[in-house]
Structure formats: C-alpha cells, structure tokens
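Here's the structure we're looking at; comments come further down.
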Amino acid sequence: MPRAIRDGVSIYYEREPSDDGTDRAPVVFVQGLGYGRWMWRWQREAVADEYETVAPDNRGTGRSDAGLPPLVARLPRKLRAPLLLKVAGYSVAGLAADLEAVLDDAGIREAHLVGASMGGMIAQQYALEYSRAKSLALLCTSHGGPDAVPVPEETREHIFDVPKGASDRETLRHRMRPAFTERFTNRNPHLMDRIIEWRLEQDADEPAREAQAAAVLNFDVSDRLDRIRMPTLVVHGTDDRVVPAANARLLAETIPNARLELVEGGPHCLFIENADRVSETLRAFLDEQR
C-alpha cells in the first residue's frame with residue numbers, strides 16, 4: 001500500500017502500470033473537493049492501455065490522513081467551519097506539496113497532471129512550484145482570485161448547506177444536483193446510486209471537506225499563469241453551474257501554451273456525464289505529447 005509522508009501526514013496513492021508495459025511518463029489524476037479516487041475511473045480506464053496511472057488521495061480523503069488538529073475536528077460545524085476557513089484549513093500550496101511528496105516517493109521524474117475542479121487548482125499550483133509536470137489537463141476549474149467568475153450563490157448554498165434531518169445519502173444526493181444535468185440523473189438512477197456508495201466509501205468526511213473548501217476559497221494564481229509553459233488542455237462544460245465556463249476562457253487566454261475544449265451542455269461533473277468525450281479528448285492530448 002504505497003504512501004508518502006509530508007509533515008507527519010500520510011498520503012495514500014494508487015499506482016497502476018500500463019497494460020503494454022512501456023515506459024512513458026505516467027498520468028497523475030488529482031481529485032476535486034471532497035471527492036475520492038472513484039471520480040476518475042472512466043478516464044483512468046481510457047488511458048490504461050498505454051499509460052501508467054497514479055491517483056493520490058488528497059489529504060483528508062479516502063485512505064489519506066486528514067492532519068487536522070483533533071480539537072478542531074470535534075467542534076460543532078458552526079464553530080469549526082469559520083475556524084478552518086481562517087486559520088486551520090488546508091491551502092492549495094500545501095496540497096500541491098503533498099502531490100510533490102507522492103511523486104517523489106514514487107520515483108516519478110515527469111508526469112502528465114490531470115486535475116478537475118480543486119484538483120485543477122492543485123495542478124496549476126504544482127506546475128508553478130515544482131518541476132515534474134510534463135503537461136497539464138485542467139477540467140472544470142479556475143485560477144481563483146477576484147478576477148475569477150465565482151460559484152453562483154444558489155449553487156454555493158446547495159453544495160454547502162446540509163438539509164435538516166437528512167441522512168448521509170440524502171445529503172450527498174442533494175449536494176450533487178448542481179454538478180449534473182437533471183436529464184442525466186433521471187436517465188441514470190442506478191449509476192447515481194453507485195456514485196453515492198462510492199462517495200460514502202472514499203470521500204472526505206465533513207471536517208476535511210471544510211478544510212479543502214478553505215483551500216479553494218483562498219486560492220489565487222491569476223497573476224502567475226503566464227509562467228506555466230508546458231502544454232495545457234483546458235476542458236469545461238458550457239452548462240457548468242458550479243464553476244462557470246467563463247473561467248475556462250480566462251485560463252486558456254492567459255496560459256501561453258493552452259488549448260480550450262468546451263463541451264456543449266456539459267455540467268461540472270462532465271468527466272462522468274460526458275465521460276466518453278472527455279476521455280477521447282484527454283487521450284488525444286496525451287498522445288500529442290509523445
């Protein structure tokens with residue numbers, strides 16, 4: 001069970017060799033806010049024939065330690081959330097340092113980074129601070145800061161408010177609604193049930209999720225994007241109700257070697273709802289780098 005240690009916190013990662021056994025730069029998949037490794041199952045499968053894959057659990061998620069002060073984690077949410085936001089939460093810089101610890105532990109000298117939402121923020125920060133990124137694929141994400149188009153208030157309330165008296169399953173279902181189209185959820189009830197089970201098994205618990213949210217809210221690399229020089233693919237759904245698609249255009253316009261791919265009608269979780277389109281686009285981009 002591979003693990004990297006940074007600042008006394010254990011970070012778990014999965015590593016799968018390519019089916020053909022060739023020695024290419026691996027593809028590293030970085031998760032979104034609170035999400036477990038399950039979110040990348042479609043894209044990992046799509047590249048597995050020719051690319052080794054690495055999938056770390058962000059701290060506080062899945063099998064990785066949270067590293068939060070025990071007292072903070074035990075506080076009631078009304079006291080805990082503001083404290084995590086202002087003092088005790090994570091930072092994207094810290095999560096990028098965790099990723100560097102994972103790649104160092106795995107002996108990986110260069111890698112293709114694929115990040116969605118918060119994972120895309122971690123990938124940007126990593127590319128600016130460390131030297132192992134060969135290419136970037138940034139899905140449904142933002143550069144942060146005051147110039148970014150914010151999460152709509154209605155969506156923010158839906159994602160972060162806990163329905164009174166709701167079970168864990170009902171809470172997850174409620175929070176996921178803005179990330180998918182209603183048409184998709186209505187047509188795929190069994191898949192949505194499976195996703196709920198995967199989330200219950202692998203996702204971050206509530207304190208760690210709030211700590212990750214603090215990292216997202218305080219993230220801003222808008223003034224440094226022109227320093228990202230590696231080939232970059234920006235993918236975004238035009239109907240993203242969580243991170244508006246205008247953020248993708250800002251990224252593509254500012255990163256010097258970036259290409260924008262908009263998925264018409266795609267939601268925030270387009271890597272699931274539009275899995276075939278996203279996987280094909282990602283695979284083509286990776287093959288170009290060879």
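Select from the stretch 51-63 the residues that are over 20 Å from Ala204 (Cβ atoms) and free of Cβ contacts under 8 Å to residues at least 60 places away in the same chain and list them in ascending order. Across the stretch 51-63, the qualifying residues are Glu52, Thr53. The residues of the stretch 19-34 that are out of contact with any strand residue (DSSP E or B) (no Cβ under 8 Å at 6 or more places or on another chain) and in contact (Cβ under 8 Å) with a residue 12 or more places away in the chain, listed by number, are Asp19, Asp20, Thr22, Arg24, Leu33, Gly34. With a requirement of 1 or more residues that are surrounded by fewer than 21 Cβ atoms within 10 Å (Cβ to Cβ), polar (S, T, N, Q) and on the phi < 0 side of the Ramachandran plot, the helices (runs of 4 or more DSSP H) lying completely within the stretch 115-184 that satisfy it span 153-160, 168-176. Listed conditions (1) touching an Asp or Glu at 6+ places or on another chain (Cβ under 6 Å); (2) farther than 15 Å from Trp42 by Cβ are all met by Leu260, apart from (1). Considering the stretch 1-44, the residues that are out of contact with any Lys or Arg (no Cβ under 9 Å at 6 or more places or on another chain) and aromatic (Phe, Trp, Tyr) include one that is nearest to Asp203 (Cα to Cα), namely Trp40.
Residues that are out of contact with any helix residue (DSSP H, G or I) (no Cβ under 7 Å at 6 or more places or on another chain) and surrounded by fewer than 16 Cβ atoms within 10 Å (Cβ to Cβ) were ranked within the stretch 191-205; the one that is nearest to Arg80 (Cα to Cα) is Asp205.
Report yes if Leu83 is surrounded by fewer than 14 Cβ atoms within 10 Å (Cβ to Cβ), free of Cβ contacts under 8 Å to residues at least 60 places away in the same chain and not in a strand (DSSP E or B), otherwise no. Break it down into steps so the answer makes sense when it comes.
Numbers: surrounded by fewer than 14 Cβ atoms within 10 Å (Cβ to Cβ): no; free of Cβ contacts under 8 Å to residues at least 60 places away in the same chain: yes; not in a strand (DSSP E or B): yes.
The answer is no for Leu83.
Restricting attention to the stretch 206-241, the residues that are at pLDDT below 95, surrounded by fewer than 21 Cβ atoms within 10 Å (Cβ to Cβ) and among the acidic types (Asp, Glu) add up to 1. Considering the stretch 1-50, the residues that are of a type in the set (Asp, Glu) and in a strand (DSSP E or B) include one that is farthest from Phe285 (Cα to Cα), namely Glu14. Whenever a residue of the stretch 123-149 is farther than 18 Å from Gly237 by Cβ, its partners that are of a type in the set (Phe, Trp, Tyr) and crowded, with 17+ Cβ neighbours inside 10 Å, lying with C-beta atoms within less than 7 angstrom and at least six residues away or across chains, give the pairs Ala133/Tyr126; Gly144/Phe219.
Among the conditions (1) within 14 Å of Gly120 (Cα to Cα); (2) out of contact with any Asp or Glu (no Cβ under 8 Å at 6 or more places or on another chain), the only one that Ile255 does not satisfy is (2).
Looking only at residues that are basic (Lys, Arg) and at pLDDT below 95 in the stretch 137-190, which one is farthest from Ala275 (Cα to Cα)?
Pass one, the stretch 137-190, residues basic (Lys, Arg): 156, 164, 169, 173, 175, 177, 183, 187.
Checking which are at pLDDT below 95 leaves us with 156, 164, 169, 173, 175, 177.
Values: Arg156: 25, Lys164: 33, Arg169: 24, Arg173: 20, Arg175: 20, Arg177: 18 Å.
If we take residues in the stretch 137-190 being basic (Lys, Arg) and at pLDDT below 95, then Lys164 is farthest from Ala275 (Cα to Cα).
The values are calculated or read from the model by the stated rules, or taken from the named source; none is laboratory data. What you see is a predicted model, and the numbers here were worked out from it, not measured in a lab. Neighbour counts run over all protein chains shown; Cβ positions are idealised from the backbone, glycine included.
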